[in-house]
1. Scan the range B:19-52 for residues that are farther than 13 Å from B:Gly146 by Cα and among the aliphatic types (A, V, I, L, M) and jot them down.
2. Scan the range A:173-184 and give yes if some residue there is out of contact with any Lys or Arg (no Cβ under 6 Å at 6 or more places or on another chain), among the hydrophobic types (A, V, I, L, M, F, W, C), part of a strand (DSSP E or B) and under 17 Å from A:His67 (Cα atoms), otherwise no.
3. With the condition kept exactly as written, say whether any residue in the range A:114-125 is within 24 Å of A:Lys33 (Cβ to Cβ), at the interface with chain B (Cβ under 9 Å from one of its Cβ atoms) and either part of a loop (DSSP other than H, G, I, E, B) or touching a residue at least 12 places away in the same chain (Cβ under 8 Å) (or both).
4. Does the range B:166-200 hold any residues that are modelled with pLDDT under 85 and either over 22 Å from the mean Cα position of the chain (by Cα) or surrounded by 16 or more Cβ atoms within 10 Å (Cβ to Cβ) (or both), and which are they?
5. Yes or no: A:Thr161 among the hydroxyl-bearing types (Ser, Thr, Tyr) and in a loop (DSSP other than H, G, I, E, B)?
Amino acid sequence: MKKAILFWIMFFAFSLALLAQEAKIDQPAPDFKLEDINGMDVLLSDYSGKIVVLEWINFDCPYVRKHYQSGNIPKMQDKYTKQGVIWMAICSSAPGKEGNLPTGEIKKRIKQYNGKMTFYLIDSDGKVGKMYGAKTTPHFFIINKEGKLVYSGAVDDKPSTDIENIKTARNYVTEVLDSLLAGKNPPVKVTKPYGCSVKY
Amino acid sequence: MKKFVLITYIFSFVLFSFAFAVEKYRDKQISIEIVPATKAIEKGKENLFAVKVKLTKGWHIYWQNPGDAGEPTILEISTNIPNQQKIIPQYPVPTYKNTSGLVTLEYRDVVYFPFYLWIPQDFDKKDLEIQLKAKWLVCKHICIPGKAIITKKFQISNGNLKFLQNNEILNSLKLIPKDTILGERKLSSNSALLKFPLNFEDRLRKVFFYPITEGVFDLELEPEFSTSGNELSMRLPFVRYIWGDTSNIEGVVEFTFDNGKKKNFVTKFVK
């Protein structure tokens, strides 16, 4: 009986600690569990020891469309997942709001854009989005192999919907991932995220 | 069919979001034009104009610091006045909006961005030509970026035109911070303490700070303020991920007094 009480106390304390967690740069990335579009539970901590990209997504946002229609983000997903990076696209759009699409429509869009993310995760109550402080779509967070959050910000330095700008943009996500894969410190930690607001 | 839909979409997107050198820009969400404050445009004096932006109900654009999301509205004026540099119109104090923890600083309905033009006495053109380059992001349940070049000619008065005032523009000047206060700042790990001189007779009820400097302050939390003698101190918490320049803090401070009156100032802070 005592053991059971102790178990439940520890369980609630652990749950509260998780709830209170807030992602911060250079700190351990808080764990979360979300369901992907195939109905599979995905736990961040299952990928410890790997570089993880969290990409906040809303396929109806023109800024997201810019990077998917141009193939910019799908190419990055393809390149880095082939090098062992785990790429989690997370949609925090609340039910009835822009970007909260039926699973079939999400799969259709991923196919249309040739998306190569490892998972497309559903966060319709916005808990994980708020835990990480995701403000815009897209908004990127990168976790290193040690499980620390090392980057928060934009995909690049051209806050526009103009596809032409991609050619001349400084791609922060690529820079951070290349340096992490080379065992170096990322050249940037925080940049201004740009895009549509996350539709919490 | 898919190609047709895509082409139609791209065509309408381009059509609605970009217009070249029109007198007035208008689409389903927004209309933009240059309006004079007076009917008579006169040489040898400063003339007041404004960029008038009218938004369809429910839609909004953003202040120079949009807040947690969105993009700033960018307005740039040029004219055919010789040696006239480009002018940035003045931005009225925005509306603070908190949507599920995401704070935006925005404009709705009708907003005037005033600007003054001094026309020299020896200006020899028949018309004053004003060109506006505008770029915006208009949002409701979705966001639509847009840009336009608007050119409008105004006849220079020969003295026969009636001097009529546009009261809406004149009223909009009340929302423009006129004076600048220089203050001091002290930074800690999680907040900035801003101090500036205060010289009001009325009793303060509330102070609000709209940072022009982006990416430094957490807009969701209201600033704590206190007064001591002729000095006001305001503590502003930092945003979780700082990407802005903490060494160059600028903003608009809005004082609300017990009698309901408001005053706005531009504030700049140094070490």
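The values are calculated or read from the model by the stated rules, or taken from the named source; none is laboratory data. Not measured: the values here are computed from a predicted model. FYI the Cβ positions are ideal-geometry reconstructions off the backbone, even for glycines, and counts take in every protein chain you see.
1. Taking the range B:19-52 first, the residues farther than 13 Å from B:Gly146 by Cα are B:21-24, B:33-52.
Scanning the range B:19-52 gives B:Ala21, B:Val22, B:Ile34, B:Val35, B:Ala37, B:Ala40, B:Ile41, B:Leu48, B:Ala50, B:Val51.
2. Looking through the range A:173-184, none of the residues is out of contact with any Lys or Arg (no Cβ under 6 Å at 6 or more places or on another chain), among the hydrophobic types (A, V, I, L, M, F, W, C), part of a strand (DSSP E or B) and under 17 Å from A:His67 (Cα atoms).
3. Checked the range A:114-125: no residue is within 24 Å of A:Lys33 (Cβ to Cβ), at the interface with chain B (Cβ under 9 Å from one of its Cβ atoms) and either part of a loop (DSSP other than H, G, I, E, B) or touching a residue at least 12 places away in the same chain (Cβ under 8 Å) (or both).
4. B:Asn166, B:Leu198, B:Asn199, B:Phe200, listed by residue number.
5. Values: among the hydroxyl-bearing types (Ser, Thr, Tyr): yes; in a loop (DSSP other than H, G, I, E, B): yes.
Yes: the conditions hold for A:Thr161.
Matching residues to (1) part of a loop (DSSP other than H, G, I, E, B); (2) of a type outside the set (Lys, Arg):
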residue	(1), (2)
A:Asp31	yes, yes
A:Asn38	yes, yes
A:Val42	no, yes
A:Asp46	no, yes
A:Gly49	yes, yes
A:Val53	no, yes
A:Phe59	yes, yes
A:Lys75	no, no
A:Lys79	no, no
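Condition check ((1) more than 22 Å from the chain's Cα centre (by Cα); (2) buried (at least 17 other Cβ atoms within 10 Å of the Cβ); (3) modelled with pLDDT of 90 or more; (4) not assigned by TED's automatic domain parsing to the domain that holds B:Leu48) across all residues:
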{"position": "B:Lys126", "(1), (2), (3), (4)": "yes, no, no, no"}
{"position": "B:Val138", "(1), (2), (3), (4)": "no, yes, yes, no"}
{"position": "B:Cys143", "(1), (2), (3), (4)": "no, yes, no, no"}
{"position": "B:Ile156", "(1), (2), (3), (4)": "yes, yes, no, no"}
{"position": "B:Lys162", "(1), (2), (3), (4)": "yes, no, no, no"}
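Here's the yes/no breakdown for (1) more than 14 Å from every other protein chain (Cβ to nearest Cβ); (2) not in a strand (DSSP E or B):
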| position | (1), (2) |
| --- | --- |
| B:Ser31 | yes, no |
| B:Ile34 | yes, no |
| B:Ala50 | yes, no |
| B:Tyr62 | no, no |
| B:Ile81 | yes, yes |
| B:Lys97 | no, no |
